[in-house]
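Visitor: I have a structure here, written as structure tokens, and I will follow up with some questions on it.
The values are calculated or read from the model by the stated rules, or taken from the named source; none is laboratory data. Keep in mind that what you see is a predicted model, and the values were worked out from it rather than measured. FYI the Cβ positions are ideal-geometry reconstructions off the backbone, even for glycines, and counts take in every protein chain you see.
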Amino acid sequence: MKSQVLVLVLIGAIFCIEAETIREDKHALLQFISNISHSHSLNWSPTLPICTKWTGVTCDSNHSSVIALHLAASGLRGHLQLKDIARLTNLRFLILSSNNISGPFPPSFQALKNLTELRLDFNEFSGPLPDEFSSWERLRVLDLSNNRFNGSIPSSIEKLAQLHSLNLAYNKFSGEIPNLHVPGLKLLDLAHNNLTGTIPESLQRFPLSAFVGNSVSSSKLAPVRKHHHHNHAVLVIALSACFATLALLAILLVIIHNREEQRRTTKEKPSKRRNDSDPNLGEGGNKIVFFEGKNLVFDLEDLLRASAEVLGKGPFGTTYKVDVEDSATIVVKRIKEVCVPQREFEQQIEHLGSIKHENVATLRGYFYSKEEKLVVYDYYEHGSLSTLLHGNRCLTNRKPLDWETRLNMVYGAARGVAHIHSQSGGSKLVVHGNIKSSNVFLNGKGYGCVSGAGMAALMHSLPRHASGYRAPEIADTRKGTQPSDVYSFGVLIFEVLTGKAEVGNLVRWVNSVVREEWTGEVFDEELMRCTQVEEEMVEMLQVGMVCTGRLPEKRPKMSEVVRMVEEIRPEKLASGYRSEVSTGSTPIGSISGSPFLDMASKRILKELKDLQKDPPTSCSAVLDFSVWNKSLYVSFCYLSECRSCNSIWDLVLFMFFITGPVAEDMFHWQATIMGPTDSPYAGGVFLVTIHFPPDYPFKPPKVAFRTKVFHPNINSNGSICLDILKEQWSPALTISKVLLSICSLLTDPNPDDPLVPEIAHMYKTDKNKYESTARSWTQKYAMG
């Protein structure tokens, strides 16, 4: 009997200890959330059970302690004190990715001895890392990428014996890479820092992509050297990376071998691929075949004598800027691992060389031998979108890429890809296959120009994880489709909007942020300095979301993408280029000469159309027709002018653009809100007026109840106390979101921020009386 009592006492003591632990964890998290600024209200209420109701919190199976904290994309911002999190002694997973947290690496995290996964990526952390990492004996994943950490990489990281994944990319780390002997390390990314020196032997088992964007070298990776015009060094085009350390003798042997091989190849080339000014072009083994339309005459020897500069390296080869004597500067791409026969290679290149468009980089010529495959393009002196967007981000005097240039580059690139797709015919389907920011250049008109079209079909397929631009349905990069091009273009749009380089998770990150309705957190902070363009950025974001849909058949065609981008700023983009795509129904904002095509009216009409198509639950919105009915007759007189009206909605839009009184009253709406079923307002029909300011959406609309309602946050004049209609307003919000928030406010009042203190006091002290009075008012005023 005594033993049984002892067992019960021990069990009781264990439960007391476990209960005390979870209470301490709950208190620590309440302290943490009370000391931070965040754009979204977490449901961390002291009255709710922490293990089952708190967002982002996971407990162990006994609900005795917190083991995981997932707060990715939670709108956390500012210089945070994270010491309270360090009190969660049993925490194993800490995910704070994709917020806006600043400050140094939290030293208090060293107390989290049981941590197995730490993700602080996509924040604004800065300063050096701690010297000592040995306290995290169980850590398997450490992701600090896309921050502003600096200083050297601590050598103590090698003490993390269980480490499986280390990502420090896109920071400002400097100095040499430490020799990290971590046998279990499978994933490593140190790209795009300021690291120098030699890659340690212990890390040379990782791919070169793990070190790009640094000034480092190894037996596998040669440092990039810039060549001056006065230095006529041998062009490294004739050498692969593995020959970089060989002497001049090896270079000469390769050249001689190339010549001997070329003498055995067919000397006669089709005349249409030759430059007419040189009838002998292509006859010799070292001749480069040029297409019509460009007076370029040089051969492989000229390239070998020319000065060159490496512009970039990718999975399909290396790209060089070449200054040939007595000729223009060109771009030469050295292709590796071609997987098709020579004839098929030439046919594909010939077809690509025939594509002519001002937004497509012209393919000027090519060289083919057993050892070397080169293609020649024009050089764009203003650089690529990748360089303009990501280059020198670590420098304080960097000139940001403005929205105007980004918009123009996206628009031009869209036109270029659409033209490439239009060149398909019969069984020949033309796709780009490798759309990315380093393949988009700024042309002389200030618009984007796409390069590298069709090259992916000639190469060995990349591994699935090699590119975040790839559509999820594409397993083989040689078999790209036009819908997969559209997906890649959507990723490109996200890169332009966020300022974040695509490293494999950009689409997932953008979708997670937008899904939580924190759209403003998506945009590049360099763009947010100019609030006048936020509405255009939101529209561009919507284009990217449509393009990156998971179902290929649901994605738009590139010609439709061109039109959608053009609609963002039709008066500017349409004047820069005349759209070549066929038009269907007239899009909003495309009727030229209308005096009502300002930003506010365009946005209001778009929101109304969205509401009609997909109204929010329990809410409906209609225009107040009371003022402008007298103009309907005038509107119908213009029916014969509406040539492209394919639906009643097109007709309504047409009437808005033509008649003055209609456009004036676009800024005055009336909404009907049905009382939520789980509230004392159930069964009621509440009328709400909405007045849009002239500078909408940069200023919030004024919303008021016309129907009397008994509520602590709604006064007798119908005014509503709602944070998103005041300081929390953002141009990314919509009337649909406002109506849903009002419905939520009816269900869940906020007595701590009342507009009517007396009703708030009743709600707190006598909720039954409050609900009875609210029901009585609903029956009297909202059910008549």
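Visitor: Taking LEU76 as the residue in question, decide whether it is in contact (Cβ under 8 Å) with a residue 12 or more places away in the chain, touching a strand residue (DSSP E or B) at 6+ places or on another chain (Cβ under 9 Å), more than 28 Å from ILE724 (Cα to Cα) and not polar (S, T, N, Q). Steps first, answer last, please.
Guide: On the way: in contact (Cβ under 8 Å) with a residue 12 or more places away in the chain: yes; touching a strand residue (DSSP E or B) at 6+ places or on another chain (Cβ under 9 Å): yes; more than 28 Å from ILE724 (Cα to Cα): no; not polar (S, T, N, Q): yes.
No, not satisfied.
Visitor: When the residues of the range 182-192 are narrowed to those that are surrounded by 14 or more Cβ atoms within 10 Å (Cβ to Cβ) and more than 14 Å from LEU208 (Cβ to Cβ), which ends up farthest from the chain's Cα centre (by Cα)? Step through it out loud before you land on a result.
Guide: The first filter runs over the range 182-192 and keeps only residues surrounded by 14 or more Cβ atoms within 10 Å (Cβ to Cβ), leaving 182, 185, 187-192.
Restricting the remaining residues to those that are more than 14 Å from LEU208 (Cβ to Cβ) gives 182, 185, 187.
Numbers: VAL182: 33, LEU185: 28, LEU187: 23 Å.
This residue is VAL182.
Visitor: Which members of the range 547-566 meet the condition of being of a type outside the set (S, T, N, Q) and surrounded by 17 or more Cβ atoms within 10 Å (Cβ to Cβ)? Outline the logic, then answer.
Guide: First, the residues of the range 547-566 that are of a type outside the set (S, T, N, Q): 547, 549-558, 560-566.
Across the range 547-566, the qualifying residues are CYS547, ARG555, PRO556, MET558, GLU560, VAL561, VAL562, ARG563, MET564, VAL565, GLU566.
Visitor: If you don't mind, there's one more thing I want to ask. Taking interchain pairs and intrachain pairs at least six residues apart, which have beta carbon atoms under 6 angstrom, with the first residue in the range 29-43 and within 21 Å of SER65 (Cβ to Cβ) and the second modelled with pLDDT of 70 or more and not aliphatic (A, V, I, L, M)?
Guide: GLN31/ASP84; PHE32/ASP84; ILE33/TRP44; LEU42/THR55; ASN43/THR55
Visitor: SER679: hydroxyl-bearing (Ser, Thr, Tyr), farther than 25 Å from VAL538 by Cα, at pLDDT 85 or above and exposed (fewer than 13 other Cβ atoms within 10 Å of the Cβ), yes or no? Step through it out loud before you land on a result.
Guide: Working: hydroxyl-bearing (Ser, Thr, Tyr): yes; farther than 25 Å from VAL538 by Cα: yes; at pLDDT 85 or above: yes; exposed (fewer than 13 other Cβ atoms within 10 Å of the Cβ): no.
Criteria not met by SER679.
Visitor: Tell me yes or no: at least one residue of the range 112-126 is surrounded by fewer than 16 Cβ atoms within 10 Å (Cβ to Cβ), basic (Lys, Arg), under 24 Å from HIS27 (Cβ atoms) and touching an Asp or Glu at 6+ places or on another chain (Cβ under 9 Å).
Guide: Yes, the conditions are met somewhere in the range 112-126.
Visitor: Of all residues in the range 127-161, count the ones that are outside any helix (DSSP H, G or I) and over 21 Å from PRO207 (Cα atoms).
Guide: Here is the first cut: in the range 127-161, the ones outside any helix (DSSP H, G or I) are 127-154, 160-161.
In the following step, the residues that additionally are over 21 Å from PRO207 (Cα atoms) were identified as 127-139, 147-152, 154, 160-161.
Looking only at that region, the number is 22.
Visitor: Evaluate the following for TRP649: is it at pLDDT below 80 and not in a loop (DSSP other than H, G, I, E, B)? If you could, list the steps in order and put the result at the bottom.
Guide: Working: at pLDDT below 80: yes; not in a loop (DSSP other than H, G, I, E, B): yes.
So TRP649 passes the test.
Visitor: OK, next. From SER134, SER145, grab the single residue that is among the small types (Gly, Ala, Ser), crowded, with 21+ Cβ neighbours inside 10 Å and within 22 Å of HIS164 (Cβ to Cβ). Explain how you work it out, then say what you get.
Guide: Details: SER134 fails: crowded, with 21+ Cβ neighbours inside 10 Å.
Unique residue meeting the criteria: SER145.
Visitor: Any residue at all in the range 471-483 that is modelled with pLDDT of 85 or more and in a helix (DSSP H, G or I)?
Guide: Kept after step one, since they are modelled with pLDDT of 85 or more, are these residues of the range 471-483: 471, 481-483.
After this cut, where a residue has to be in a helix (DSSP H, G or I) as well, the list is 482-483.
For the range 471-483, residues modelled with pLDDT of 85 or more and in a helix (DSSP H, G or I): present.
Visitor: Which numbered condition in (1) under 33 Å from the mean Cα position of the chain (by Cα); (2) at pLDDT 85 or above is the only one that HIS40 fails?
Guide: Only one criterion is unmet by HIS40, namely (2).
Visitor: Of the residues LEU69, LEU91, LEU48, which single one is surrounded by fewer than 18 Cβ atoms within 10 Å (Cβ to Cβ) and aliphatic (A, V, I, L, M)? Give the derivation first.
Guide: On the way: LEU69 fails: surrounded by fewer than 18 Cβ atoms within 10 Å (Cβ to Cβ); LEU91 fails: surrounded by fewer than 18 Cβ atoms within 10 Å (Cβ to Cβ).
Exactly one of LEU69, LEU91, LEU48 is surrounded by fewer than 18 Cβ atoms within 10 Å (Cβ to Cβ) and aliphatic (A, V, I, L, M), namely LEU48.
Visitor: Residue by residue through the range 187-218, note down the ones that are under 23 Å from LEU139 (Cα atoms), acidic (Asp, Glu) and without any contact (Cβ under 8 Å) to a residue 40 or more places away in the chain.
Guide: none
Visitor: Got a sec? Which helices (runs of 4 or more DSSP H) wholly within the range 703-784 have at least 3 residues that are in contact with an Asp or Glu (Cβ under 8 Å, 6 or more places away or on another chain) and either crowded, with 21+ Cβ neighbours inside 10 Å or not hydrophobic (A, V, I, L, M, F, W, C) (or both)? Write out each step before concluding.
Guide: Working: elements: 735-747, 757-765, 767-781.
Per the criteria, 735-747.
Visitor: If you check LEU401, LEU407, LEU389, which single one turns out to be of a type in the set (A, V, I, L, M), at pLDDT below 90, under 17 Å from the mean Cα position of the chain (by Cα) and not in a loop (DSSP other than H, G, I, E, B)?
Guide: On the way: LEU401 fails: not in a loop (DSSP other than H, G, I, E, B); LEU407 fails: at pLDDT below 90.
Result: LEU389 is the single residue among LEU401, LEU407, LEU389 that is of a type in the set (A, V, I, L, M), at pLDDT below 90, under 17 Å from the mean Cα position of the chain (by Cα) and not in a loop (DSSP other than H, G, I, E, B).
Visitor: Identify all residues within the range 691-702 that are surrounded by 13 or more Cβ atoms within 10 Å (Cβ to Cβ), over 25 Å from PRO757 (Cα atoms) and not charged (D, E, K, R); write none if there are none. Working first, answer last.
Guide: Of the residues in the range 691-702, the ones surrounded by 13 or more Cβ atoms within 10 Å (Cβ to Cβ) are 692-693, 696-702.
Cutting the leftovers down to over 25 Å from PRO757 (Cα atoms) gives us 692-693, 696-699.
Within the range 691-702, PHE692, PRO693, TYR696, PRO697, PHE698 qualify.
Visitor: For residues that are at pLDDT below 90 and part of a loop (DSSP other than H, G, I, E, B), scanning just the range 163-179, find the one that is farthest from ARG138 (Cα to Cα).
Guide: By that ranking, first place goes to TYR170.
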